[in-house]
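Shown next, in structure tokens, is the structure this report addresses.
Any read-out appearing in this document is the output of simple, stated calculations on the displayed coordinates, not a laboratory observation. All values reported here derive from a predicted model rather than from experimental measurement. Don't worry about glycine lacking a Cβ; one is built from the backbone with ideal geometry, like all the others, and counts go over all protein chains shown.
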Amino acid sequence: MGTPINRQGYGSAVFERPDDCTGCAICAETCPDACILVWR
């Protein structure tokens, strides 16, 4: 299966190991495009 494509035609980021997420939001803070939303 390929990368999911968003409405703008770009490949979406996919977290490969969601069970390892602690909800710390460091990924959202360091994302250069501010495109990551973290929720619990």
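Would a scan of region 2-13 turn up a residue that is in contact (Cβ under 8 Å) with a residue 12 or more places away in the chain, surrounded by 10 or more Cβ atoms within 10 Å (Cβ to Cβ) and out of contact with any Cys (no Cβ under 6 Å at 6 or more places or on another chain)? Let's see the steps before the verdict.
Here is the first cut: in region 2-13, the ones in contact (Cβ under 8 Å) with a residue 12 or more places away in the chain are 13.
Restricting the remaining residues to those that are surrounded by 10 or more Cβ atoms within 10 Å (Cβ to Cβ) gives 13.
Those left that are additionally out of contact with any Cys (no Cβ under 6 Å at 6 or more places or on another chain): 13.
Yes, there is a match, as at least one residue in region 2-13 is in contact (Cβ under 8 Å) with a residue 12 or more places away in the chain, surrounded by 10 or more Cβ atoms within 10 Å (Cβ to Cβ) and out of contact with any Cys (no Cβ under 6 Å at 6 or more places or on another chain).
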Total residues in region 14-40, condition surrounded by 10 or more Cβ atoms within 10 Å (Cβ to Cβ) and in a loop (DSSP other than H, G, I, E, B): 7
